[in-house]
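The values are calculated or read from the model by the stated rules, or taken from the named source; none is laboratory data. Predicted model, so just to flag it, every value in this text is computed and none were measured. Don't worry about glycine lacking a Cβ; one is built from the backbone with ideal geometry, like all the others, and counts go over all protein chains shown. Side chains are part of the model used for accessible areas, which takes the heavy atoms of the whole protein and leaves out ligands, DNA and RNA. Shrake-Rupley method; radii C 1.70, N 1.55, O 1.52, S 1.80 Å.
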Amino acid sequence: SITRTFFDACQSNNRDRFYLDDHTWNDLNLDELYRRINACQCTAGEQFLYYMLRRPMTHEAFDKQKGLIHLAEDRPDLRLKIQLLLSRVGNGNVDMTSIFYPKDTSPFWLIVYLLMGFVLFISFFAVALFGIKYIFIPIILLAANSFFHEFRRIRCEHEIRRVNYCVSLALALRRMRKWKTPELDSFFSDAYIHLDQMKPVLRSGPVMSALNSDPFQAAMMNFFFADLIAFEILKKRIARYHEHFLAVHEAVGQVDASIAIASYRKCLTAWCEPVIDFDSEQPDIFVKGIRHPLMKEPVPNDLITKKSLLITGSNASGKSTYLRSAVLCVLMAQTICTCSCEEYKSSPFRIFTSIALSDDLLAGESYYIAEIKSLKRILDQQKTGES
């Protein structure tokens, strides 16, 4: 889906040392948790929130994230201003991967648009020089250019929305910079440096639409491809500054996601901020009053241990629910700095689960084989030193 494209791009480029795998994500029903937390105002926030839930943080990132959430909680006036601004950027529902990691930078279509517009322009001179009897030439070219413009505009609509969204996001950051808020400026300091590098893109602004243009501008778009030419030029500029756009997308997305997390805390019946000893070399965990964040009336439980646990019990006695609650609490601690419990202290963990397994008749895999493969993926990560 569009929501996970930023995460997929980071994972394919090995940006972080560890990511939550798809099996664990599905075991813990994290799509539903993501929907519960997601109150983001723009695509950047939604994509960054998804990325957060799949990437347990380092010590530095953890402290930075806590600070942003506290800012959202302590400054309701600033929070509302940011939400209003980002709501105008809106949900572009666009895949940003090709913007951040561009592959196609060919000038082919730009040359085609310029050539067709130039031929139409010359045809009017031909009529002036050789007489009105040649008026059919510009008429045919006007119809051909108008038809071809509409065809190409429809084909490029998704890319145009993607380019316009990038520009709108950068303009939103520039607007926040003008507020001169010290707490926000300290977080955005690196993003401002990248924003300064994007001035050629911001000067041109987003690609115009014929619906929002006067008759003359609409004619220039339909017959001379003014909007498509601007789009091709803007797309090339964004490709040149793609690393700067990536930094802006991430910074704005993190702020939007932090506001959503601050809002989510208000929905929890019980929560606490975790205390994580990132320097600890021995695994240990102390949790009081764990509650499953997706259950309406969860029963609180504790988890206190410095070694492995063997949990036994009869069928339907709550073993899986307890395990999921505990793992979710650990994951939420290391991703959104918010635990659905009364007290949380632990060392950092890399999380894998092997719970919701089933056989696959079409693939010829029994339940036993499915279990073996699931456990093998965990052991392989340990063997390669990544778990």
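Listed conditions (1) closer than 21 Å to residue 17 by Cβ; (2) at pLDDT below 90; (3) open to solvent by 60 Å² or more (accessible area, probe 1.4 Å) are all met by residue 353, apart from (3). Residues in segment 7-23 that are without any contact (Cβ under 8 Å) to a residue 60 or more places away in the chain and part of a helix (DSSP H, G or I): 7, 10, 11, 12, 22. Here residue 49 meets the list (1) in contact (Cβ under 8 Å) with a residue 12 or more places away in the chain; (2) open to solvent by 10 Å² or more (accessible area, probe 1.4 Å); (3) part of a helix (DSSP H, G or I) almost entirely, failing just condition (2). Can you find even one residue in segment 236-258 that is acidic (Asp, Glu), buried (at least 22 other Cβ atoms within 10 Å of the Cβ) and within 15 Å of the chain's Cα centre (by Cα)? Yes: segment 236-258 contains one or more residues that are acidic (Asp, Glu), buried (at least 22 other Cβ atoms within 10 Å of the Cβ) and within 15 Å of the chain's Cα centre (by Cα). Is it fair to say residue 362 is open to solvent by 60 Å² or more (accessible area, probe 1.4 Å), in a loop (DSSP other than H, G, I, E, B), at pLDDT 80 or above and farther than 27 Å from residue 273 by Cβ? Here the answer is no, as residue 362 does not meet what is asked. Might you let me know whether segment 26-42 holds any residue that is in contact with a Ser or Thr (Cβ under 9 Å, 6 or more places away or on another chain), at pLDDT below 95, more than 23 Å from residue 354 (Cα to Cα) and crowded, with 20+ Cβ neighbours inside 10 Å? Checking segment 26-42: at least one residue is in contact with a Ser or Thr (Cβ under 9 Å, 6 or more places away or on another chain), at pLDDT below 95, more than 23 Å from residue 354 (Cα to Cα) and crowded, with 20+ Cβ neighbours inside 10 Å. Is one or more of the residues making up segment 64-74 small (Gly, Ala, Ser) and touching a helix residue (DSSP H, G or I) at 6+ places or on another chain (Cβ under 8 Å)? Scanning segment 64-74, I find at least one residue that is small (Gly, Ala, Ser) and touching a helix residue (DSSP H, G or I) at 6+ places or on another chain (Cβ under 8 Å), so the answer is yes. Within segment 220-239, residues that are among the polar types (S, T, N, Q) sit with their Cβ atoms under 6 Å from residues that are open to solvent by less than 50 Å² (accessible area, probe 1.4 Å), at 6+ positions apart or across chains, in these pairs: 222/146; 222/149.
Condition first: under 17 Å from the mean Cα position of the chain (by Cα), touching a residue at least 60 places away in the same chain (Cβ under 8 Å) and not in a helix (DSSP H, G or I). Can you find one or more residues in segment 57-77 that meet it? Looking through segment 57-77, at least one residue is under 17 Å from the mean Cα position of the chain (by Cα), touching a residue at least 60 places away in the same chain (Cβ under 8 Å) and not in a helix (DSSP H, G or I).
The residues in segment 204-235 that are open to solvent by less than 40 Å² (accessible area, probe 1.4 Å), among the aromatic types (Phe, Trp, Tyr) and over 26 Å from residue 175 (Cβ atoms) can be counted, and the count is 1. The set of residues from segment 67-106 being modelled with pLDDT of 70 or more, among the basic types (Lys, Arg) and farther than 21 Å from residue 186 by Cα comprises just one member, 88. Restricted to segment 127-204, the set of helices (runs of 4 or more DSSP H) holding at least 3 residues that are under 23 Å from residue 40 (Cβ atoms) comprises 136-178, 182-196. Residue 315 passes every criterion in (1) exposed (fewer than 13 other Cβ atoms within 10 Å of the Cβ); (2) more than 19 Å from the chain's Cα centre (by Cα); (3) not in a loop (DSSP other than H, G, I, E, B) apart from (3). Note on segment 71-95: residues that are on the phi > 0 side of the Ramachandran plot and open to solvent by 50 Å² or more (accessible area, probe 1.4 Å) amount to 1.
Here residue 39 passes the criteria (1) within 14 Å of the chain's Cα centre (by Cα); (2) of a type in the set (A, V, I, L, M, F, W, C); (3) farther than 24 Å from residue 268 by Cα except the one numbered (3). Only a single item in (1) out of contact with any helix residue (DSSP H, G or I) (no Cβ under 6 Å at 6 or more places or on another chain); (2) polar (S, T, N, Q); (3) in contact (Cβ under 8 Å) with a residue 12 or more places away in the chain is not met by residue 217, and it is number (3). Filtering segment 284-303 to residues that are open to solvent by 100 Å² or more (accessible area, probe 1.4 Å) and not charged (D, E, K, R) leaves only 299.
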